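The values are calculated or read from the model by the stated rules, or taken from the named source; none is laboratory data. Remember, predicted model here, so these are calculated numbers, not experimental data. Note that each Cβ is placed from the backbone with ideal geometry, even for glycine, and that neighbours are counted across all protein chains shown.
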Amino acid sequence: MSEATCRRELELEIPAETVQKAMARVSREFARVARVPGFRPGKAPITLIQRKYADDIKSEVLQSLVPQQIERAFTENKMVPVTQPQVDKVDFTDAGPVKFRATFEVLPEFELGQYKDLEVEIDDVKIEDADVDKGIEELRDRASTFTPVEDRPIANGDYAQLKLNGVPAGGGEPLEADSVLCHVGGEETMEPFNQNLLGASAGDHKNFDVTYPSDYPDAKLQGKTYSYAVEVMGIKEKKKPELTDEFAKDVSDVQTLEELRKKMRDNLEAARTHRQNEQTREKLLGQIVKSHDFPVPEALVEHQMDSRLERTVRSLASQGVDPRAMNIDWVGLRSRQKDRCIEDVKAELLLDKIATTENIDVSDEEVDKEIAAIAERSGESTTAVRANLTRQGALDRMKSKIRSEKTLDWLCSNSRTRTITKES
């Protein structure tokens, strides 16, 4: 048994007297229901029953006594198991004790070091007029309209409406689109599109190759070359609305452009405060994790790795991407998460211990408030949400999450932050 891990092995023994009593009890239970030729039900001799059903009786005895013995060992050794014990090396003789080995993982025992009155540095990003201007421009961009252009060829900044067919070099599934807008001259547009479409007119046909870089965001296109046949269906100009009070009314609940600028600044300030709070939490927890050295159960790390992989799959699916169709090394992706998952598990264990030490708990009112928030987002009743959480076994996980959040807030209020000014 290595103290550097959470894996434990116990060599356990069930006394012979306890085993014999259990054998007698189980044999009587078998005798009551067993059908033995030549004997009425329940009248066959126990010795005959024990010979005929020896293996089944032993199996019943083990299923009855082994869990009890393991549970007793947990209590005596003050262990908190996190995995189901694996039993092997079973030695079951007719007249002697039952000996076996139980292997499992436990929660680690560790002492808390310093976790309060810590200091962390966070970024103090100033919100400037230029940041407000940028936010307003983004609103203008989202409120833009596209108007057809009919009296000239494509110029930089135009949007070409294309019908395209792309065939990958070496064969494979083609890329087809009947109507797609391409921002000609845009930084986000692949250069071959910019070069071949600039100066083209509606009705023109173009043929050209595009080689995608190995780090292209779409994994299906990374490092591949496609031969495109493109038809220009039309040309459109993007028109941004004028900066007027009417624009402010259209994009927000304010009445004037001046009020919109104030609201934009308030939103940016709130976002900055949120980022600073998150940065404080992350750095404090990272500092605490780094200063505590203890092993973590491999089973919890594996669970964390699975959870991260599931979140990746759900994220892709929510974007309309079929994860099964993507050329992703899922095994490699999962294994690369291991170091981060070990840190996550350590953080959870530390937060739990700090919460216990500081008597931080979750009230029924806090649970009710979280359930009400979930109900509001989902459109379900609070009764239905609570029933679903209970049925899925998620209510305790939700309480644990609330407790961790409260503990992080407590750590922030009992630590110091030093801001470092940065230009935005």
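Here are the numbers:
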item	result
Out of Thr382, Thr407, Thr419, sole residue that is in contact (Cβ under 8 Å) with a residue 24 or more places away in the chain, loosely packed, with under 15 Cβ neighbours inside 10 Å and of a type in the set (Ser, Thr, Tyr)	Thr419
Candidates Leu389, Leu309, Leu316, Leu395 - the one that is in contact with a Pro (Cβ under 8 Å, 6 or more places away or on another chain) and either farther than 23 Å from Thr280 by Cβ or at pLDDT below 90 (or both)	Leu316
Per-region count, segment 3-20, residues touching a strand residue (DSSP E or B) at 6+ places or on another chain (Cβ under 9 Å) and within 12 Å of Pro297 (Cα to Cα)	4
Residue match in segment 205-226 (condition: more than 40 Å from the chain's Cα centre (by Cα) and under 12 Å from Leu162 (Cα atoms))	yes
Failed item, numbered, when Lys134 is tested on (1) surrounded by fewer than 17 Cβ atoms within 10 Å (Cβ to Cβ); (2) touching a residue at least 12 places away in the same chain (Cβ under 8 Å); (3) not assigned by TED's automatic domain parsing to the domain that holds Asp204	(2)
Among (1) more than 23 Å from Thr5 (Cα to Cα); (2) polar (S, T, N, Q); (3) loosely packed, with under 12 Cβ neighbours inside 10 Å - the single one Ser27 does not satisfy	(3)
Qualifying residue in segment 324-346 (condition: modelled with pLDDT of 90 or more and in a loop (DSSP other than H, G, I, E, B))	no
Single condition Lys163 does not satisfy, out of (1) surrounded by 15 or more Cβ atoms within 10 Å (Cβ to Cβ); (2) closer than 30 Å to Trp330 by Cα; (3) in contact with a strand residue (DSSP E or B) (Cβ under 7 Å, 6 or more places away or on another chain); (4) of a type outside the set (Asp, Glu)	(2)
Verdict on Ala219 being surrounded by fewer than 15 Cβ atoms within 10 Å (Cβ to Cβ) and hydrophobic (A, V, I, L, M, F, W, C)	yes
